[in-house]
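Only the coordinates and a few stated rules stand behind these numbers; no lab work does. Please read these numbers as outputs of a predicted model, since none were measured by experiment. Backbone-built Cβ (ideal geometry, glycine too); neighbour counts: all protein chains shown.
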Ligand code: SF4
């Protein structure tokens, strides 16, 4: 089983926190779709014989695609790849693009899951983050999506927004629940150096993220999700029963994926590669029948540590068996004293040969994972 990721590198506006790869000029969108179709054909052997069970349009803003773009891309995918039955096809969307007509087009072309970048329903927050839409537009987008037939919708929300009090965060969560989102992804605001927020923090025009405040909002998130029946299957991802994202899970479970488009990453079980994060270079390469990418070589240590970091964030935890079978690493032996200590502190437990974080442990997930990393001597 494998996943397919398509990067659509266009946005109407740059959100102040975002450091993803995109351009605000939409001039080359047709050319980009043609290049993506060409790359899909050129890469059709990358996943070997594995069937594709999840397709994900990410970005950027894939909801800027028109029906004829999607039609072209889906046609190539159906022709070149072996699709599993019930393939999950997700499209990331911004609320302001989701008109009834556009949603019907998406649905008709095989999109069966939407991931809507709401971030907040509060207009002040949205304006401050330089989002393109209002809270009401996000609510309308959800209603329009239901009307068009979508039964699997995820909402993205951001917490730890400075100047916000807890009542705004609670009201954002309640609104997402009231709208019946099957899935909620919620990320702590992070300040990346090259973004507008990064520059504001550097110049002292805005505060750093307050860790205690972020932890309080995370606890509100956990309590609310738990109260309304959402399962926290990954630290930042919550789903109603049966609505976990197959796409997300494939990354955390060390499965193969093929990334198409500028800046997209791929992994085929043996090595990882990254396409060039530059639209002009990507388009030029494809026009010459070349895919501009670099191979990322991961040492055994890198692979093990990456697995520990991602798996500990999930409800399934870190498989001690997988580490032994695949990498010859006995994590219990290597970190016996430390594991005893953190299990006495009620941060982690072992069940069915898996290490799993408790709720208290989840608050310290990255630190606990890095303490469990392995280091080989050079
Ligand atoms: S719409 Fe999404 S990808 Fe584009 S700038 Fe905003 S957060 Fe980044």
Where the Cα atoms of the chain are projected onto their three principal axes, how long is each span, largest first, in whole Å? 59, 49, 45
Quick check on the chain: of the DSSP beta bridges with both residues there, what percent are antiparallel, nearest 5%? 40 percent
What relative contact order, as a whole-number percentage, does the stretch 1-136 give when Cα pairs under 8 Å and 6 or more residues apart are counted? 28 percent
For the stretch 263-298 and the stretch 201-220, what is the separation of their C-alpha centers, rounded to whole Å? 35 Å
In the Gaussian network model of the chain, springs joining C-alpha atoms below 10 Å, which of 131, 49, 313 carries the largest mean-square fluctuation? 49
I need two numbers for the stretch 328-378: Rg to one decimal and Dmax as a whole number, Cα atoms only, in Å. 11.2, 36
Apply 1/(1 + (r/R0)^6) to the Cβ-Cβ distance of residue 108 and residue 211, taking R0 = 51 Å, and write down the FRET efficiency to the nearest 0.05. 0.65
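Pairs of alpha-carbon atoms within less than 8 angstrom and 6+ residues apart define the contacts here; what relative contact order does the chain have, in percent?
16 percent
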Those residues of the stretch 346-360 whose amide nitrogen sits under 13 Å from the label point placed on residue 324, 7 Å along Cα→Cβ: 352-355
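Using helices alone, I'd like the mean residue ellipticity at 222 nm for the chain: each DSSP H run of four-plus residues gives -39500 (n - 2.57), total over residue count, nearest 500. Could you put the intermediate results ahead of the total?
On the way: 16 runs with 154 residues, N = 378.
The helix contribution divided over the chain gives -12000 deg cm²/dmol.
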Here, residue 44 and residue 68, labelled 7 Å along Cα→Cβ, have an inter-label distance in nm of 2.4 nm
What nm distance separates the two modelled labels at residue 223 and residue 367, each placed 7 Å from Cα along Cα→Cβ? 2.2 nm
Percent relative contact order of the stretch 300-371, based on C-alpha pairs within less than 8 angstrom and at least six residues apart? 35 percent
What do you get when you divide the Cα radius of gyration of the stretch 35-158 by 2.2 N^0.38 Å, with N the number of residues? 1.14
Just to be sure I understand the model, the point goes 7 Å from the Cα along the line to the Cβ. What's the resulting residue 174 to residue 301 distance in nm? 5.1 nm
